[in-house]
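Novice: Okay, here's the structure, questions in a sec.
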2 protein chains.
Amino acid sequence: MALISPSRRLRRTPFSEGVEAADVKAYTVYNHMLLPTVFESVEADYHHLKKHVQVWDVSCERQVELRGPDAGRLMQMLTPRDLRGMQPGQCYYVPIVDETGGMLNDPVAVKLAEDRWWISIADSDLLYWVKGIANGWRLDVLVDEPDVSPLAIQGPKAETLMERVFGSSIRDIRFFRFGVFQFQGRDLVIARSGYSKQGGFEIYVEDGEIGMPLWIKLFEAGVDLEVRAGCPNLIERIEGGLLSFGNDMTDDNTPHECGLGRFCDTHSAIGCIGRDALLRVAKEGPVQQIRPLSISGDPVPACTDYWPLYASGKRVGRVSSAAWSPDFRMNVAIGMVRMTHWDAGSKLEVETPDGMRTATVRDKFWI
Amino acid sequence: MALISPSRRLRRTPFSEGVEAADVKAYTVYNHMLLPTVFESVEADYHHLKKHVQVWDVSCERQVELRGPDAGRLMQMLTPRDLRGMQPGQCYYVPIVDETGGMLNDPVAVKLAEDRWWISIADSDLLYWVKGIANGWRLDVLVDEPDVSPLAIQGPKAETLMERVFGSSIRDIRFFRFGVFQFQGRDLVIARSGYSKQGGFEIYVEDGEIGMPLWIKLFEAGVDLEVRAGCPNLIERIEGGLLSFGNDMTDDNTPHECGLGRFCDTHSAIGCIGRDALLRVAKEGPVQQIRPLSISGDPVPACTDYWPLYASGKRVGRVSSAAWSPDFRMNVAIGMVRMTHWDAGSKLEVETPDGMRTATVRDKFWI
């Protein structure tokens, strides 16, 4: 494995000092920012995440802020999910599509007020698309990237830790809702959300100055909970079916192909730029779709490129994420499979870097 | 220094196999793609680049393709450089600005035909901005990212090597012009350009399949020229004043602040989206600007964050790129300096990770 070259362009975060002190082993780059990927080891981090509580520097989930009279209209132009019923205080997972219905990002939209939204983005410069649309359609809205760096608290003991720092009312936040809490005299948006299936919160840290004080406070408060620095875990996110934009889907894919049809209300999402393109696929369904797959044999190597899927020598899809699961004692994977072969139980062949193996389509993800 | 975690999201290139065989030591990530940064060492790579010839995998310089009747109009909307005189066969360095005049990218535009352009981009998803503008303004143009991976041949022996592979007419290509050449029956656009001051070419490899055959052919043809795998070199690019988007400037900066005023024809670039915002700065000049700076003392550490510049305790700018230059026996740097202190010879203080040092503003870059 090669080293990563440091530069200003790969932005550090308000928590980088804490991440380094916790002896980070590896990074990836996400939205031009450093995102830790390994502390002790991917497997050790995985076991710890499922048992205790971790603090994740996910500053790379940058925000696109929409502010002004046309903010709500612009937000609806971006997604086929119907936003009419959404209230301030709610978070929605929203596929973002272009005029062809191709996915540009799969962020979480945070409705701060009727005329103010944050879009908490996956790995692409969604800011550029939103600014372009706002300019071209001459909307009355400000679009920019504010200084907001999310810090995720994930794991079964997350609620206990958060209560110690923010008080018992943290328990009242429902899933994909947020509240405003104080830390050192500053207001912080805290949502019950996060990129794991272990439960937890995301703290939207505005103005990096309180980043390290907050980090330190969380670690002090969680000593007996065995709190550790962590990061999104490859194995756990595959087990949980959490997709990764750029890995599992790109702008070649519609939300329906990604199994995100339940987040699309294509008929009623009036104003969505990709609506016309998606109406047919919404009605007839896609011809390929994301599926969980198990892969036979010993632990697979890292999936750094698509692994083709075959049935009787014919290409029927690809695997885009794969890892050995210690808990399930098998290789877990996410792939895109053509409809002729996507039924649960389908046995396929997958071409991995160390040879052909058997891949079996499953009915659901592991957790 | 930490490791980089491999994943499908950090895209490999048609030349990755060759890069790995050449024992790449470190990468950065650029446009969601792996970009090598070190082979032997940054210093050894630097000396070799200035003496021989290197083959660079710069596939990460992705293309945004504009095709259709409104392609030229759209291209002019993106930049304050006047494109009216530009002919097919020419390449222009074009600052790209938003409606506030802030820089979104600093690519090279390649005019393939009146109705077909490539924009060879720096590190940001410019595709999203261009698609958003085309959609919002309802332009009659196709915008996408074609399968084109540039391979750069750089160094004083570049012309000799290229002549051996493509024939003597390669010598007829003038600076920032391109021609079409054949390799294994395929047409390849080849321009005299590249991200170094050592001279050379960029081959726009369409369709990755001929990537490794071309790589191998270049290495076979250049054995006696001591051809090696290389990459954009931090020291050489600072010496040459080649800016890096995301390092030296961001969307907070106008082209004029970046010293790119000579590429702006703000009065005559009718249709440019940022024109109104730039008219005043074009007339009055910016209040801060990019400057070459030398930094005193031993070799500086890696510049991973802005280093503040002070004069009499007052903040007057920042350094964004810095490295020790073996040829000039000093630390070379690029910074943004306020007009009160930007004259050549100004002595400033710079706050580096290992303490305060003296920084001196220079009249020009080193090479």
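Novice: Suppose we keep only residues that are in a strand (DSSP E or B) and farther than 17 Å from A:Glu257 by Cβ within the stretch A:321-333. Which one would you say is farthest from the other protein chains (Cβ to nearest Cβ)?
Specialist: A:Met330
Novice: Follow-up. Anything in the stretch B:16-31 that is touching a residue at least 60 places away in the same chain (Cβ under 8 Å) and under 11 Å from B:Cys60 (Cβ atoms)? List them, or say none.
Specialist: B:Tyr30, B:Asn31
Novice: For the stretch B:345-367, give me each residue that is within 25 Å of the chain's Cα centre (by Cα) and not in a strand (DSSP E or B).
Specialist: Correct list: B:Arg362, B:Asp363, B:Lys364, B:Phe365, B:Trp366, B:Ile367.
Novice: Considering each of A:Gly194, A:Gly208 in turn, give the residue that is among the small types (Gly, Ala, Ser) and at pLDDT below 95.
Specialist: Among A:Gly194, A:Gly208, only A:Gly208 is among the small types (Gly, Ala, Ser) and at pLDDT below 95.
Novice: A follow-up question, please. Taking B:Arg186, is it surrounded by fewer than 20 Cβ atoms within 10 Å (Cβ to Cβ), outside the structural domain of B:Pro36 (by TED's automatic domain parsing) and closer than 27 Å to B:Glu209 by Cβ?
Specialist: When the stated conditions are applied, B:Arg186 does not pass them.
Novice: Can you spot a residue in the stretch A:48-58 that is touching a residue at least 60 places away in the same chain (Cβ under 8 Å), part of a strand (DSSP E or B) and within 14 Å of chain B (Cβ to nearest Cβ)?
Specialist: Yes, the stretch A:48-58 contains at least one residue that is touching a residue at least 60 places away in the same chain (Cβ under 8 Å), part of a strand (DSSP E or B) and within 14 Å of chain B (Cβ to nearest Cβ).
Novice: Oh, and also: Name the residues in the stretch B:302-320 that are of a type in the set (Gly, Ala, Ser) and either crowded, with 21+ Cβ neighbours inside 10 Å or at the interface with chain A (Cβ under 9 Å from one of its Cβ atoms) (or both), would you?
Specialist: Those that are of a type in the set (Gly, Ala, Ser) and either crowded, with 21+ Cβ neighbours inside 10 Å or at the interface with chain A (Cβ under 9 Å from one of its Cβ atoms) (or both): B:Ala302, B:Gly317, B:Ser320.
Novice: Which members of the stretch B:148-167 meet the condition of being surrounded by fewer than 19 Cβ atoms within 10 Å (Cβ to Cβ) and either at pLDDT below 95 or of a type in the set (A, V, I, L, M) (or both)?
Specialist: If the condition is that a residue be surrounded by fewer than 19 Cβ atoms within 10 Å (Cβ to Cβ) and either at pLDDT below 95 or of a type in the set (A, V, I, L, M) (or both), then B:Val165 is the only one that fits.
Novice: For the stretch A:120-176, how many residues are at positive phi and among the hydrophobic types (A, V, I, L, M, F, W, C)?
Specialist: 1
Novice: Turning to a different aspect of this structure: For the structure I just gave you, tell me whether A:Gly194 is open to solvent by less than 30 Å² (accessible area, probe 1.4 Å), touching a residue at least 60 places away in the same chain (Cβ under 8 Å) and over 17 Å from A:Gln63 (Cα atoms).
Specialist: Answer is no for this residue.
Novice: Any idea how many residues of the stretch B:225-272 are hydroxyl-bearing (Ser, Thr, Tyr), buried (at least 22 other Cβ atoms within 10 Å of the Cβ) and over 21 Å from B:Lys197 (Cα atoms)?
Specialist: Residues in the stretch B:225-272 being hydroxyl-bearing (Ser, Thr, Tyr), buried (at least 22 other Cβ atoms within 10 Å of the Cβ) and over 21 Å from B:Lys197 (Cα atoms): 2 in total.
Novice: Would you mind stating whether A:Thr79 is of a type in the set (S, T, N, Q) and open to solvent by 20 Å² or more (accessible area, probe 1.4 Å)?
Specialist: Against the criterion (of a type in the set (S, T, N, Q) and open to solvent by 20 Å² or more (accessible area, probe 1.4 Å)), A:Thr79 does not qualify.
Novice: Take the residues in the stretch A:24-50 that are within 30 Å of B:Ile238 (Cα to Cα) and of a type outside the set (A, V, I, L, M); name whichever of them is most open to solvent (accessible area, probe 1.4 Å).
Specialist: Taking the candidates together, the pick is A:Lys25.
Novice: Another question, if that's okay. For the stretch A:287-318, give me the residue count where each residue is among the hydrophobic types (A, V, I, L, M, F, W, C), without any contact (Cβ under 8 Å) to a residue 60 or more places away in the chain and assigned to a strand (DSSP E or B).
Specialist: Summing the residues that are among the hydrophobic types (A, V, I, L, M, F, W, C), without any contact (Cβ under 8 Å) to a residue 60 or more places away in the chain and assigned to a strand (DSSP E or B) in the stretch A:287-318 gives 5.
Novice: Suppose we filter B:Ala71, B:Ala21 for residues that are surrounded by fewer than 23 Cβ atoms within 10 Å (Cβ to Cβ) and not assigned by TED's automatic domain parsing to the domain that holds B:Asn331; which single one remains?
Specialist: Just a single option satisfies the conditions, and that option is B:Ala21.
Novice: Across the stretch B:280-301, what is the total count of residues that are at pLDDT 95 or above, open to solvent by 30 Å² or more (accessible area, probe 1.4 Å) and aliphatic (A, V, I, L, M)?
Specialist: Count: 1.
Novice: Let me ask something else. Please specify each residue of the stretch B:72-126 satisfying the condition of being of a type in the set (S, T, N, Q), within 14 Å of chain A (Cβ to nearest Cβ) and outside any strand (DSSP E or B).
Specialist: B:Thr100, B:Ser124
The values are calculated or read from the model by the stated rules, or taken from the named source; none is laboratory data. Remember, predicted model here, so these are calculated numbers, not experimental data. Ideal geometry is used to build each Cβ from the backbone, glycine not excepted, and the neighbour counts take in all protein chains shown. Ligands, DNA and RNA are excluded from the accessible area calculation, which covers all protein heavy atoms including side chains. Shrake-Rupley method; radii C 1.70, N 1.55, O 1.52, S 1.80 Å.
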